[in-house]
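Report on the following structure.
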Amino acid sequence: MDQEYDAIIVGTGLKECLLAGLLSVDGMKILHMDRNSYYGGESASLNLKQLFEKFRPGEPEPDPAVYGRWQDWNIDMVPKFMMGNGLLVRTLVHTNVHNYMQFKAVDGSYVVKAGKTYKVPANDMDALKSSLMGMFEKRRARLFFIFVQDYDEADPKTFKGYNLDALTSRDLFAKFGLEAGTIDFVGHALALQSDEAYLDQPARKMVNAVKLYSESLARFDTGSPYIYPLYGLGELPQGFARLSAVYGGTYMLGKPDAEVVYDEAGQAVGVTSEGETAKAKFVIGDPSYFPGKCRRVGQVVRALCILSHPIPNCGDAHSVQIILPQKQTGRQTDMYVFGCSWAHNVCAKGKYLAFVSTTVETANPHLEIEPGLRLLGHIDEKFVHVSDIMVPVSDGKDNSCYISKGYDATTHFETTVRDVLDMYTRITGKVLDLSDKDVNAAGAAQ
C-alpha cells in the first residue's frame, strides 16, 4: 500500500465509483478503498440477511418459507431509476460500462392528484387522452407539449418568439393558459422539480427537463421514460469499479480504519490504514470520510417495504414511479414512491419491493411518509431509516479534498450525476463530453 497515486478514492458509493472509472480512463493511477467489505457505501444493495442485520439486529433470520432464499434479494438503500436519455445512461454508454449490465424498461410513471393515482401524460397525444384534465385544458396542454417537443436550442425558429432565458416558467405556463393542476404535474412529474422554486427561474431549464422526459419516454413502449438494472443498483458501482480495474485501478475493501491524512498546511496527501500510508495528489470520497469538512443541509426519510402484490392502481405493473407533488400533501417538497419486483431479480418470486422517500420537514419523519405508504396496500415488512444530506463546505481546490454530496430523496439519477460531472470538472479542469456516442446503445428489455 505504501505507494504514490494520482488520486485515492475512499468509499465505493455510485458517485465515487463513477469518478474512479472516469479518471482511470483519463490515465490517472487510482487507489480505491472502502471501510466495508462490499461495494456501494450508502447506495449499496443488500441481500435479505444483510437487511435484517442492519435494521433488526439480534432478531431471527427471515423465514425462507415466506421469503425464499436470502441470496435472491438485492435491496437498494438509495432506490433510483435511470432516465432513458439521461446523464447516467449517457455516462454508461460513454464509458462502455453498459456492456457489463442488463436493463429492463420501467412499466409506468404516475402522479397523485386529489388522492388518486394517474398515469403521467408526456406528449401531445397523451394529453388528449389523459383523465387528469378537462377537455379545454387538454387542448391547451397539447399545444404546450408540441412546443416542447419541437423546441431545439440550436434552431431559433423553434422558440416561437419566446425568450426562455427572460421568461420564467410561471410566465411560460401563463402564455399557454395552463391551469394550476396541469402546472403541478408538468413541473413535478415531468420536469422532476422537487419544489416550487423553479416557477420563478428562467423557463429554459424546465423546458429542457420536460423534453428530456419526453425523449426518454419515446425510447420505450411502456409509458415510462425510465430503465432499471437487473439485480438492482448495486450493479452500477461494481460496473464502474470493473472499468477502473481494467485501466489499472487498485481496489482494497474491508478497511474499517481507513483515514485521510493531511499535511501541516491542511492539504489531503493520502490515506492511512493498518499502519501503512498511501500518498496521492488529492483524495476523493463521500462525506463520512471527511469529518469537519461537511455540513448537514437536510435529511431524507426512506421506507423500504416488502409486498406480496403489485402497487395498487398502477395496472399490476412490476415497476413504477409515483410522484406526490408537494401541493397534494400540504408539504414544501415532493414525495416519491418507487416500485420494482421479482421480475428485476431483486427479490424472491412473487414478491415486490416498494420504497417511499421524501425530504424531512418535521420532527416526526416516520409520519411524513404516510401519504406514500397509503398507496401501497398491505405491507408485509417495513424498514424506515433517516439519512443526513451532507455537502462539502469547500470545492476541494483549497485542500485537495473532493467530497461528494449526500443522496437526495428523488427516485431518479439526474441530480446524482450532475454532482459527479461537477466534481470531474473541478478535479480535471475539463467538461466531460457525453455526446460522443449513441445513447441508444444502452437498450433495455421490455
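The values are calculated or read from the model by the stated rules, or taken from the named source; none is laboratory data. This is a predicted model, so every value here is computed, not measured. FYI the Cβ positions are ideal-geometry reconstructions off the backbone, even for glycines, and counts take in every protein chain you see. Accessible surface areas use protein heavy atoms only, side chains included; no ligands, DNA or RNA. Shrake-Rupley method; radii C 1.70, N 1.55, O 1.52, S 1.80 Å.
A cut-off of 5 Å between modelled amide H atoms, ignoring neighbours fewer than 5 places along the same chain, links Ile9 with Leu31, His32, Met33, Ile284.
How big is the Kirkwood radius of the chain, worked out from every pair of different alpha carbons and given in Å to one decimal? Please list the in-between numbers first.
Numbers: mean 1/r = 0.0437 Å⁻¹.
Averaging 1/r across every pair of different Cα atoms and inverting gives 22.9 Å.
Normalised by the number of residues in the range 311-446, the mean separation of alpha-carbon contacts (under 8 Å, six or more apart) gives a relative contact order of 16 percent.
Give me the extension gain from Thr415 to Thr428: residue separation times 0.36 nm, minus the current Cα-Cα distance, reported in nm with one decimal.
Details: separation 13, 0.36 × 13 = 4.68 nm, distance 2.02 nm.
Computed gain between Thr415 and Thr428 is 2.7 nm.
With the simple model of a label 7 Å out from the Cα in the direction of the Cβ, Asp152 to Ser37 spans 5.7 nm. In terms of distances greater than 32 angstrom between alpha carbons, the cross-link table entries Lys116/Lys157; Lys80/Lys113; Lys119/Lys175 yield Lys116/Lys157.
Using protein chains only and a probe of 1.4 angstrom, how many square angstrom of Arg140 are accessible, to the nearest 10? The accessible area comes out at roughly 80 Å². Within straight-line reach of Lys430, meaning a Cα separation under 16 Å, sit the following lysines at least 8 residues removed in sequence or on another chain: Lys397. When you count the other C-beta atoms within 10 angstrom of each residue and take the mean per peptide, 147-158, 386-397, 6-17 line up highest first as 6-17, 386-397, 147-158.
Could you tally up the Lys pairs in the range 274-388 with alpha carbons closer than 21 Å? Skip any pair fewer than 8 positions apart unless they're on separate chains. Don't jump to the answer; show the numbers that get you there.
Details: Lys279/Lys293; Lys281/Lys293; Lys349/Lys382; Lys351/Lys382.
Total qualifying Lys-Lys pairs in the range 274-388 comes to 4.
Amide H contacts under 5 Å for Tyr262: Val269, restricted to partners 5 or more places along the chain or on a different chain, H placed in the peptide plane at 1.01 Å from N. Extending 7 Å from the Cα toward the beta-carbon at both Gln201 and Gln267 defines two label points whose distance is 3.5 nm.
Measure nothing but the geometry: give the 0 to 90° angle between the long axis through the Cα atoms of 414-428 and the longest principal axis through the Cα atoms of the chain, rounded to 10°. Roughly 40 degrees, rounded to the nearest 10.
In this label model, Val386 and Tyr100 are separated by 3.6 nm, measuring between points 7 Å along each Cα→Cβ vector.
Rule-of-thumb check for the range 326-446: C-alpha Rg over 2.2 N^0.38 Å?
With N residues counted in the range 326-446, Rg over 2.2 N^0.38 Å equals 1.38.
Let me know the shape class of the range 319-376, please: from the alpha-carbon gyration tensor, a ≥ b ≥ c as square roots of the eigenvalues, rounded when a/c is under 1.5, otherwise prolate if a/b is greater than b/c, or oblate. Could you put the intermediate results ahead of the total?
Details: a/c = 3.11, a/b = 2.25, b/c = 1.38.
Cα axes put the range 319-376 in the prolate bin.
Helix 235-246 and the longest principal axis of the C-alpha atoms of the chain enclose an angle of approximately 50°.
In debye, nearest 20: dipole of the chain around its Cα centre with unit charges on the Cβ of K, R (+) and D, E (-)? Dipole of the chain, to the nearest 20 debye: 1160 debye. Computed from the Cβ-Cβ distance with R0 of 35 Å, the FRET efficiency linking Asp395 to Met125 stands at 0.20.
Straight-line cross-link partners of Lys205 among the aspartates and glutamates, defined as a Cα under 12 Å from its Cα and at least 8 positions apart when in the same chain: Glu153, Asp165. Sequentially through the range 55-62, phi angles give Karplus couplings (6.51, -1.76, 1.60; θ = phi - 60°) of 9, 9, x, x, 7, x, 5, x Hz, Gly and Pro residues having no value and appearing as x. Toward the positive end of the charge dipole of the chain, with +1 on the Cβ of Lys and Arg and -1 on the Cβ of Asp and Glu, the farthest Cα among Gly21, Ser387, Gly266 is that of Ser387. Principal-axis analysis of the Cα atoms of the chain puts helix 135-150 at an angle of about 50° to the longest axis. Among Lys54, Lys205, Lys80, determine the one that fluctuates most according to a GNM of the chain built with springs between C-alpha atoms less than 10 Å apart. Looking only at Lys54, Lys205, Lys80, the biggest GNM fluctuation is shown by Lys54.
If I take R0 = 25 Å and measure r between the Cβ atoms of Glu61 and His378 in this structure, what FRET efficiency does the formula 1/(1 + (r/R0)^6) give, to the nearest 0.05? Walk me through the intermediate numbers first.
On the way: r = 23 Å, r/R0 = 0.91.
For R0 = 25 Å, the calculated efficiency reads 0.65.
Residues in the range 21-32 carry Karplus couplings, in order, of x, 5, 6, 5, 4, 6, x, 7, 8, 10, 10, 10 Hz; the curve used is 6.51 cos²θ - 1.76 cosθ + 1.60 with θ = phi - 60°, and Gly or Pro positions show x.
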